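Let me begin by presenting the structure, written as structure tokens, before commenting on it.
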Amino acid sequence: MTRTSGSISPRWHVGLNALAMAALAGAACLFWEVNVIESGTAEFALSNFDLFSEFYPRHSFAGEAIRRGMLPLWDPHQIGGLPFLATLQGGVLYPPNLLYVVLPTGFAMGALGLSHLILAGVFSFLLSREFGYGKTASWLAGLTFMLGGSTVSLIYHTNAINSCPWLPAALWCTSRLGRSGELRWALLLGMCLALQFLAGRDYMLVMTIHVVGLFAIFQLVWMKRDGLGWRRLGKHALQLAVAASLAVGLAAAQLLPTLALAAETGRTLTGLKGEFLEIHGPMSPS
């Protein structure tokens, strides 16, 4: 990998990186003001319908319940009542969502959406720097991921935008773990995976597990290619297992009820059954 020149002091490098990340935050705030708050979009539109119909009621209900000292296990307001904590999407146990306890729901939704958009850019910048790219290229990588269409579309689902930044964060930790062999990066990786699950968007976690797992395989191959012994490879594999175990442990309070609820539904890991998909009989090839 290309590394930064030794002619500039490490403190100066840290300052420049901090300035680049601050610039990413500024770009996100400008985007938010122009394209979200002052976009001219109708207050209720197809693009933001889920914010009003699904997520605002959930976060409002959870915030009110926690203020009363209760963990919202059951929601009596939807379809005659349904499990609330187990449905995952509300992100009740996601630590940043405690903001709903102390702030008005709408303001908290905006603050969390913007902050996670910024985190998506910052972690992408750090990941690009970790891969050896220069500050300008890394800044553009962070900006592209942060304000690309696939990321911006997630701001209309609070659980999705909250999950988004933990993908580049987890990959960054995996890379640092492979390069340094320090246990702290395994612990941080486990925390990233747990936070992503607790945020409430399961498919984001599935994508992250895929990319981290594939990258970890490449790391082991590279270690073997570079002549590192089996002891180093085993250590890396063990640290990855520690990260996975920590993630499961931290997410267990949400994972167990979610899996219990999933077992009662028609949706499984293999998808819906044919009779659910073709209620009017087999679909024609056309």
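The values are calculated or read from the model by the stated rules, or taken from the named source; none is laboratory data. Predicted model, so just to flag it, every value in this text is computed and none were measured. When we count neighbours, we look across all protein chains shown, and the Cβ atoms used for this are built from the backbone with ideal geometry, even at glycine. The protein model used for the area step is the full one, side chains on, heavy atoms only, and it has no ligands, DNA or RNA in it. Shrake-Rupley method; radii C 1.70, N 1.55, O 1.52, S 1.80 Å.
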Probe 1.4 Å, all chains present, heavy atoms only: TYR133 accessible area in Å², nearest 10, is 130 Å²
Quick calc, the chain, dipole around Cα centre from Cβ unit charges on Lys, Arg (+) and Asp, Glu (-), nearest 20 debye, gives 1480 debye
If each K or R counts +1 and each D or E counts -1, the residues other than PHE61 whose Cβ falls under 12 Å of its Cβ total 0
Region 105-230: relative contact order from alpha carbon pairs under 8 Å, six or more residues apart, as a whole percent, is 23 percent
When every protein chain stays in place and a 1.4 Å probe is rolled, SER115, SER163, SER150 sorted by accessible area with the largest first are SER150, SER115, SER163
Descending accessible area (1.4 Å probe), largest on the left, turns TRP222, TRP32 into TRP222, TRP32
If each K or R counts +1 and each D or E counts -1, the residues other than THR208 whose Cβ falls under 12 Å of its Cβ total 0
In degrees rounded to 10, the 0-90 angle between helix 202-225 Cα long axis and the longest Cα principal axis of the chain is 20 degrees
Helix 10-31: inclination vs the chain longest Cα principal axis, degrees, rounded to 10, gives 30 degrees
Taking Cα atoms, the helix 105-130 axis meets the longest principal axis of the chain at an angle in degrees (rounded to 10) of 30 degrees
Heavy-atom accessible area of LEU195, protein chains in place, probe 1.4 angstrom, given in Å² to nearest 10, is 40 Å²
Place a point 7 Å from the Cα of TRP222 in the direction of its beta carbon; the residues of region 12-26 whose amide N falls under 15 Å from it are none
The ³J(HN,Hα) series, computed from each phi in region 236-250 with the Karplus coefficients 6.51, -1.76 and 1.60 at θ = phi - 60°, rounded to the nearest Hz and given as x for glycine or proline, is 5, 4, 5, 5, 5, 5, 4, 4, 5, 5, 5, 4, 4, x, 5
Expressed in angstrom and rounded, the centroid-to-centroid distance over alpha carbons for region 115-194 and region 215-232 is 23 Å
Per the helix-only model, the chain has a calculated mean residue ellipticity at 222 nm (DSSP H runs of ≥4, -39500 (n - 2.57) each, divided over all residues, rounded to the nearest 500) of -20500 deg cm²/dmol
Taking Lys and Arg as +1 and Asp and Glu as -1, residues besides GLN89 with C-beta under 12 Å from its C-beta add up to -2
Using a 1.4 Å probe on heavy atoms of the protein chains only, the accessible area for ILE209 in Å², nearest 10, reads 90 Å²
Probe 1.4 Å, heavy atoms of protein chains only: per residue, the accessible area of the chain in Å² is 56 Å²
Of THR144, THR174, ordered by accessible area with the largest first and a 1.4 Å probe, the sequence is THR144, THR174
Rounded to a whole %, the carbon-and-sulfur portion of the accessible area of the chain at a 1.4 Å probe is 69 percent
Of every Cα-Cα pair in the chain, the percentage lying beyond 27 Å is 50 percent
